[in-house]
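**Q** Mind looking over this structure? Questions follow.
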Amino acid sequence: MSLVYKKGVRFEKVRLDPRALNVIGRDPGDNEIKLYRIRGGKIISKESLGIKDSYISRFEPDIKKYGSIVLYKFGNEWVCVESPGTTNPVKVGGNPYKLENGTSILIGMTGFLFME
């Protein structure tokens, strides 16, 4: 499972971890989008996507602000929810909770495509 996004004139892909919470957000004071993977309440990895968007919510776990959106596998399905404390709305094509192949997700001003 992955998210596809546009970086300049190319399309890039970032893999989602089916055993973790996958959070899209940015560090405080930095507009670069990152994918945080969280397991057992701890960040197990942080991957920069190499693009900037000041409309994506910050990731600040110490104040319970977990970026803009959380994607995770629930049983056999992938789902997504807006993070608690997000101040920037997220738009998901189709059903706002269940992700299917080709589902579009707009986070801030950045578009993503969910691919299985």
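The values are calculated or read from the model by the stated rules, or taken from the named source; none is laboratory data. For clarity, every value in this text was computed on a predicted model and none was experimentally measured. Quick reminder, even Gly has a Cβ in these numbers, built from the backbone with ideal geometry, and neighbours come from all protein chains shown.
**Q** Is there any pair linking a residue in the range 79-107 that is under 11 Å from I24 (Cβ atoms) and hydroxyl-bearing (S, T, Y) to one that is assigned to a strand (DSSP E or B) and at pLDDT below 70, with Cβ under 6 Å and at least six apart or on different chains, and which?
**A** If the second residue must be assigned to a strand (DSSP E or B) and at pLDDT below 70, the pairs left are S83/Y66.
**Q** Shifting gears a bit: Cβ-Cβ below 8 Å, separation at least six or inter-chain, first residue in the range 9-22 and aromatic (F, W, Y), second surrounded by fewer than 17 Cβ atoms within 10 Å (Cβ to Cβ): which pairs?
**A** F11/V4
**Q** Oh, and also: Condition first: surrounded by fewer than 20 Cβ atoms within 10 Å (Cβ to Cβ) and either at pLDDT 90 or above or assigned to a loop (DSSP other than H, G, I, E, B) (or both). Now tell me which residues in the range 67-76 satisfy that.
**A** Passing the criteria: K73, G75, N76.
**Q** Being in contact with a Cys (Cβ under 9 Å, 6 or more places away or on another chain), at pLDDT below 85 and not hydrophobic (A, V, I, L, M, F, W, C) narrows it down to one of K98, K64, K91, so name that one.
**A** The match here is K98.
**Q** Looking at the range 24-44, is at least one residue on the phi > 0 side of the Ramachandran plot, in a strand (DSSP E or B), modelled with pLDDT of 90 or more and of a type outside the set (V, I, T)?
**A** no
**Q** If you don't mind, another one. Checking the conditions here, which among R26, R58 is in contact (Cβ under 8 Å) with a residue 40 or more places away in the chain and surrounded by 18 or more Cβ atoms within 10 Å (Cβ to Cβ)?
**A** Answer to the check: R26.
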